[in-house]
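Before any comments, here is the structure.
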Amino acid sequence: MGDLPDYYFRVRENGAMVFRVDTENRMRRIEFDQIATVNVKNGEVRPHGDRKLSEADRRAIREWLEARRATLARRDIDDIHRTVDHLNLTAQWAQSRASEEDLEAVTDALLLAMHDLRSVLVRRKAERLMKAGGDQAAGAD
């Protein structure tokens, strides 16, 4: 067999199921032995059944968790950039191609969502400006 990793992480909604990869068996088949589940949000690692995790297991899980969180953070930002593109495309659609019926079907939902987003963005921007102003004032002492 090629060089397979020692661990396999089956991604699921809030984390992953962790398997140890076994290729050293009589049948020379790849076998997965579930050793734990991991929650990406809170970092909780639960050994599977009565299993005791080795330091190598814990290290592999920590490394995967760190990499997975970085991947998800990059995806979040990429999704937001796509949303900006979609908003621009939606504006172009509304201006140039949308029928009166199309606009009637989506205008209220879009206006409410955009109002909510604008409110959140303005509040968070104000918080950052206040914090930056407070940090500068503290530095002036």
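The values are calculated or read from the model by the stated rules, or taken from the named source; none is laboratory data. Keep in mind the model is a prediction, meaning the values are calculated, not measured. As a convention, Cβ positions derive from the backbone with ideal geometry for all residues, glycine included, and neighbour counts pool all protein chains shown.
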| remark: Among ARG69, ARG124, ARG62, the single one that is farther than 30 Å from TYR7 by Cβ, among the basic types (Lys, Arg) and at pLDDT 95 or above is ARG124
| field | Selection from the stretch 24-43 of residues that are exposed (fewer than 12 other Cβ atoms within 10 Å of the Cβ) and either over 12 Å from ARG68 (Cα atoms) or not assigned by TED's automatic domain parsing to the domain that holds ARG69 (or both) | value | GLU24, ASN25, ARG26, MET27, ARG28, ARG29, ASN42
| Restricting the first residue to the stretch 51-67 and requiring it to be closer than 17 Å to MET17 by Cβ, which pairs with a second residue that is surrounded by fewer than 17 Cβ atoms within 10 Å (Cβ to Cβ) meet a Cβ separation below 6 Å and a spacing of at least six or different chains? | LEU53/PRO47
| said: Quick check on ALA109: is it outside the structural domain of GLU13 (by TED's automatic domain parsing) and exposed (fewer than 10 other Cβ atoms within 10 Å of the Cβ)? | reply: yes
| note | Condition set in a loop (DSSP other than H, G, I, E, B) and not polar (S, T, N, Q), scope the stretch 87-100, selection surrounded by the fewest Cβ atoms within 10 Å (Cβ to Cβ): answer is ARG97
| query | Applying the selection to the stretch 61-86, what residues are more than 15 Å from VAL11 (Cα to Cα) and surrounded by 14 or more Cβ atoms within 10 Å (Cβ to Cβ)? | reply | none
